[in-house]
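Q: One structure, as structure tokens, below. Some questions next.
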Amino acid sequence: TLGPHTFYWFSLAERGVLPDTGRARPIPTIVSTDGWEEVIRGEMRDELAGVLSDYLHEQHWFRGRAHRILSAKVVEATPIPYGRKVAFLALIRVEYAERDPETYVLPLNLATGRTAETLKRRNRGAVIARIAHQAGSRNAEGLLFDAMWDEDFPAALLKIIASRKGLQGVAGRTTGIPTPALRQLKVPAKAAAAPRIVEGDLNNTSVVFGDRLILKLFRCVDDGINPDVEIGAFLSEQHFKHTPPLAGHIEYRGGRGRQATIAVLEQYIPHEGDGWDEAQEAVGAFLRRAARRTGTPPSVSLSTATLLDLASGDPDDAALDLMGDYLERARLLGKRTAELHLALSAGRDDAAFGPRPFTSYYQRSVYQAMRRLTGQTMFLLRRELDTLDDALAKHAQTIADMEEAVIKRFGAILKTRIEATRTRYHGDYRLSQVLRDGDDYVFVDFEGEPDRLMAERQLMHSPLRDVAGMIRSFHASAHVPLSRRRRNGSGAEQTERLEQWADYWAQHASAAFLGEYLRTAGEASFVPRTPRMLYVLLDTLLMERALTDLQLALVARPEGVRVPLLMLGHLLAEPDPGAK
């Protein structure tokens, strides 16, 4: 079970890809002549840079595993005192051979004696290097480690926010910024002194304080205010009850007006798992029922036209019988999603949230972005063909051969005038971004897609991008259990039969979600005015989502491309919408 506020393995589980655990990294040694702080802030930073590349490759939150690192250097180190200890909040600039540099947040401290032995035994993955201090006849040794795994350190970050404390680093200043909600969410001292790290968050590190607050440390940071802070503050002001109130954040300000969000603090929502857990349970029960059915599974289409047709009607008797009450859950999720988008579109006098109209210039920019995405994804797909099994390689080759058809398909966004508005939206919307709060849902993690620049995440687009993300998530949820069966070599013929039933589940869950979303949104400005406009826009965004997920799978683990390839195949089986 994955933890709260999770990105569920970079959504790799949802996208049919599993992480490669690899072997434990040997702990390197750095010999210091002037104390461990010299390694971080002094002349020995180059020695630390030499071991950081290997350490980063081991971390689940590091996004550059597929790329060659040229250097990884400490560019900022802000001292954070807590109790009798001092940690350094380090910013690590990673330079790559073939992509833009990234900046990572890595709190650093030194463990010695029994503490070091316990750390090495229980959490070796947090250890960066062994520091051997030689000063005359005195020798000392300790382990340089990620201070987030020091149970006293997260409370220091909480204190920085609560006290509005500002700390000076080498090149900039780190400051805590609370909101009024923090005063209403007081954390007992005992809970603050014993925080617990939430497992399962692939891109960041989250810490829960009692049952009141959750702090998320962003591991990869970029210039600009993180949308998790912007949107969290806006929805808190709107009193939208299906998101946790924002309690504060930590920001870093450097030279030349640079600003980056280091961490965000929110109310913690006790919950019964997330939407992904719920869907997996529902899919498991559905597939067990479907396996007992005789005869040929129903023929299913997940094309845009089919989903829109089903969304306007009622599910068939088989869906009602086999899917239990999950159709109602999908409808509720559609309703809440529309309510979220209505709330985000309400800031008409807010420069950062006021809806913007579609323009021909914007539609052309969308088309050009789709062309680039298609070219990049098909290039990666062809490159990885030899790594796939024969049946999957054949299907992948068929998709790769349709590159021009895909680009032509995206041309519909150029030929169709879209009368709708662009707004802020979730930006990385999937089942695991929705917590189950009793019989209802709460939305979390508004930071957007982690692989996009902060400036891109702050742009306004059609909130139907979130709808496309959720439809894709339903499809992935239905197929991930069967992907495990395939990897285990379990009953190929039965697995293929169940895959048809999985498509059926995804089709009806998506239609229930989409139908209730459109009914709740009604005539909102972000809903295209005519069925034709709605069709073209949703089709474009579903294609974009499928290609993006395919690209992510190709970069992470090529054997995980099966599920996004299946979704892309469904979409491409429909005639070109430009001909409709």
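Q: Could you say which residue among I197, I161 is over 27 Å from E339 (Cα atoms) and buried (at least 19 other Cβ atoms within 10 Å of the Cβ)?
A: Only one candidate passes the filter, namely I161.
Q: Sticking with this one: Which one is farthest from the chain's Cα centre (by Cα) among residues in segment 415-427 that are crowded, with 24+ Cβ neighbours inside 10 Å and at negative phi?
A: The extreme case among them is I418.
Q: Also: Taking into account only those residues within segment 96-106 that are farther than 24 Å from G42 by Cβ and in contact (Cβ under 8 Å) with a residue 24 or more places away in the chain, which is most open to solvent (accessible area, probe 1.4 Å)?
A: Checking each candidate, the answer is E98.
Q: On the basis of being open to solvent by 50 Å² or more (accessible area, probe 1.4 Å) and touching a residue at least 40 places away in the same chain (Cβ under 8 Å), does K73 make the cut?
A: The answer is no for K73.
Q: Can you pull out the residues in segment 166-192 that are at pLDDT 90 or above and either part of a strand (DSSP E or B) or under 17 Å from Y82 (Cβ atoms) (or both)?
A: G166, L167, Q168, G169, R173, T174, T175, G176, I177, P178
Q: Given the conditions (1) among the hydrophobic types (A, V, I, L, M, F, W, C); (2) at pLDDT below 95; (3) within 23 Å of T520 (Cα to Cα), and given that L307 satisfies all but one, which numbered condition is not satisfied?
A: (2)
Q: Still on this structure, I have one more. Take segment 145-155 and flag every residue that is modelled with pLDDT under 95 and either open to solvent by 80 Å² or more (accessible area, probe 1.4 Å) or out of contact with any Pro (no Cβ under 7 Å at 6 or more places or on another chain) (or both).
A: Passing the criteria: W149, D150, E151, D152.
Here's the yes/no breakdown for (1) farther than 23 Å from V198 by Cα; (2) open to solvent by less than 50 Å² (accessible area, probe 1.4 Å); (3) outside any strand (DSSP E or B):
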residue: I40; (1), (2), (3): yes, yes, yes
residue: V51; (1), (2), (3): yes, yes, yes
residue: D54; (1), (2), (3): yes, no, yes
residue: V94; (1), (2), (3): yes, yes, no
residue: L108; (1), (2), (3): no, yes, no
residue: L119; (1), (2), (3): no, yes, yes
residue: H133; (1), (2), (3): yes, yes, no
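Q: Then there's this: Please determine, by comparing only the residues of segment 428-463 that are farther than 22 Å from R219 by Cα and among the small types (G, A, S), which one is farthest from the chain's Cα centre (by Cα).
A: Applying the filter and picking the extreme gives G438.
Q: Please enumerate the residues belonging to segment 428-448 that are open to solvent by less than 20 Å² (accessible area, probe 1.4 Å) and in a loop (DSSP other than H, G, I, E, B).
A: D428, Y429, R430, V444, D445, F446, E447, G448
Q: Of a type outside the set (S, T, N, Q), over 25 Å from R364 (Cα atoms) and open to solvent by 20 Å² or more (accessible area, probe 1.4 Å), is that true of R532?
A: no
Q: Here are some residues: L217, L235, L157. Which one is under 24 Å from P79 (Cβ atoms), touching a helix residue (DSSP H, G or I) at 6+ places or on another chain (Cβ under 7 Å) and not in a loop (DSSP other than H, G, I, E, B)?
A: When all the criteria are applied, what remains is L217.
Q: Out of all the residues in segment 398-414, which are more than 24 Å from T530 (Cα to Cα) and either open to solvent by less than 10 Å² (accessible area, probe 1.4 Å) or assigned to a helix (DSSP H, G or I) (or both)?
A: T398, I399, A400, E403, E404, A405
Q: Also: So R545 fits all but one of (1) more than 27 Å from P315 (Cα to Cα); (2) within 19 Å of the chain's Cα centre (by Cα); what number is the exception?
A: (1)
Q: Every residue in segment 148-181 that is among the polar types (S, T, N, Q) and in contact with a Ser or Thr (Cβ under 8 Å, 6 or more places away or on another chain), please.
A: Passing the criteria: Q168, T174, T179.
Q: So in segment 172-190, with the set limited to residues that are touching a residue at least 12 places away in the same chain (Cβ under 8 Å) and among the aliphatic types (A, V, I, L, M), which one is surrounded by the most Cβ atoms within 10 Å (Cβ to Cβ)?
A: Out of the qualifying residues, it is L182.
Q: I need the full set of residues from segment 279-296 which are of a type in the set (A, V, I, L, M) and over 17 Å from A492 (Cα atoms), in order please.
A: A279, A282, V283, A285, listed by residue number.
Q: Being at pLDDT below 95 and open to solvent by less than 40 Å² (accessible area, probe 1.4 Å) narrows it down to one of L547, L541, L571, so name that one.
A: Step by step, each of L547, L541, L571 is checked, and only L571 is at pLDDT below 95 and open to solvent by less than 40 Å² (accessible area, probe 1.4 Å).
The values are calculated or read from the model by the stated rules, or taken from the named source; none is laboratory data. This structure is a prediction, so every number in the text was calculated from the model and none was measured. Neighbour counts are summed over all protein chains in view; Cβ atoms, including those assigned to glycine, are modelled from backbone coordinates with ideal geometry. Ligands, DNA and RNA are excluded from the accessible area calculation, which covers all protein heavy atoms including side chains. Shrake-Rupley method; radii C 1.70, N 1.55, O 1.52, S 1.80 Å.
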